[in-house]
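> Here it is, the structure in full.
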Amino acid sequence: MHRNRLPPGQLLREDFPVLHYGDIPEFNENTWDFFIKGLVKNPIELTLREFMSLPENEFTTDFHCVTGWSTFDIHWKGVLFRAVAEKAGPLQEARFVSIFSEHGYTTNVPLKVAMDDSVFFAYEYNGKPLTPEHGFPLRLVVPALYAYKSAKWVRGIEILKEDRPGFWETRGYSNTANPWKEERFG
Ligand SMILES: Nc1nc2c(c(=O)[nH]1)N[C@H]1C(S)=C(S)[C@@H](COP(=O)(O)O)O[C@H]1N2
Ligand SMILES: [Mo]
């Protein structure tokens with residue numbers, strides 16, 4: 001654990017700000033699916049109901065936005081990334097994950113980072129379903145990295161051998177995004 005919970009250059013906010021690029025997408029349960037493709041034994045698509053029947057966990061995390069605000073102790077319910085990925089079975093040569101959201105937003109993390117105990121897909125926050133602006137029906141949360149890795153309105157993942165920088169990672173932001181090292185720009 002870090003002795004100081006606030007990473008360098010961050011300001012603590014008591015609220016939970018909303019930040020994203022573009023409009024909040026509409027959700028249609030009949031067309032919504034979640035895919036796992038790429039370097040896996042068994043590519044799959046899950047309905048929201050199937051996704052929500054995966055083992056549920058609770059998480060309490062801090063959030064650090066690269067623009068300089070942090071929030072502490074967000075309480076979530078969701079499914080470990082690892083539990084989702086293991087349904088498809090990443091192949092031996094898999095090293096990276098590309099995450100796909102509505103409206104073309106993407107981000108990326110090393111597979112090793114994604115498989116950590118701290119990384120999960122959330123569908124509930126502070127006891128209620130995610131609100132549309134925070135990512136309903138499903139978002140990724142990667143607490144250890146700047147929050148642009150925590151893709152809202154997520155629709156699937158692709159397991160890769162080579163890294164594939166995402167939306168902000170190709171627009172000047174850091175690919176590694178470690179807030180403790182202030183990796184803001186890449
Ligand atoms: N799909 C999508 N996810 C996104 C973003 C975005 O623009 N689109 N912005 C990211 C950024 S920069 C931040 S700080 C967090 C903010 O999450 P919040 O609005 O729930 O606080 O969402 C991340 N996830
Ligand atoms: Mo952000």
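The values are calculated or read from the model by the stated rules, or taken from the named source; none is laboratory data. All values reported here derive from a predicted model rather than from experimental measurement. Cβ sites come from the backbone with ideal geometry, for glycine too, and all protein chains shown count toward neighbours. Areas reflect the complete protein model, heavy atoms only, side chains present, ligands, DNA and RNA absent. Shrake-Rupley method; radii C 1.70, N 1.55, O 1.52, S 1.80 Å.
> Need the failing condition index for Lys128 against (1) within 13 Å of ligand 1 (Cβ to nearest atom); (2) farther than 21 Å from Ser70 by Cα; (3) open to solvent by 30 Å² or more (accessible area, probe 1.4 Å), just the number.
Result: Lys128 passes all but (1).
> Can you name the residue in region 67-99 that is part of a loop (DSSP other than H, G, I, E, B) and open to solvent by less than 20 Å² (accessible area, probe 1.4 Å) and, of all such residues, is nearest to ligand 1 (Cβ to nearest atom)?
Gly68
> Looking at (1) surrounded by 18 or more Cβ atoms within 10 Å (Cβ to Cβ); (2) more than 16 Å from ligand 2 (Cβ to nearest atom), which is the one condition that is false for Lys181?
The failed condition is (1).
> Counting just the residues of region 138-171 that are more than 13 Å from ligand 2 (Cβ to nearest atom), over 13 Å from the mean Cα position of the chain (by Cα) and in a loop (DSSP other than H, G, I, E, B), which one comes out nearest to Ile44 (Cα to Cα)?
The extreme case among them is Lys161.
> Another question about this same structure. Quick one: in region 23-58, which of the residues that are crowded, with 18+ Cβ neighbours inside 10 Å and not in a loop (DSSP other than H, G, I, E, B) is farthest from ligand 1 (Cβ to nearest atom)?
Within region 23-58, the match that is farthest from ligand 1 (Cβ to nearest atom) is Val40.
> Restricted to region 42-92, and to residues that are of a type in the set (Lys, Arg) and in contact with a strand residue (DSSP E or B) (Cβ under 8 Å, 6 or more places away or on another chain), which residue is nearest to ligand 2 (Cβ to nearest atom)?
If we filter region 42-92 for residues that are of a type in the set (Lys, Arg), which is where we start, we get 49, 77, 82, 87.
This time we only want the ones that are in contact with a strand residue (DSSP E or B) (Cβ under 8 Å, 6 or more places away or on another chain), so: 77, 87.
Details: Lys77: 22, Lys87: 29 Å.
Per the criteria, the residue is Lys77.
> Further question: Please find, among Glu162, Glu133, the residue that is more than 9 Å from ligand 1 (Cβ to nearest atom) and modelled with pLDDT of 95 or more.
Result of the check over Glu162, Glu133: Glu162.
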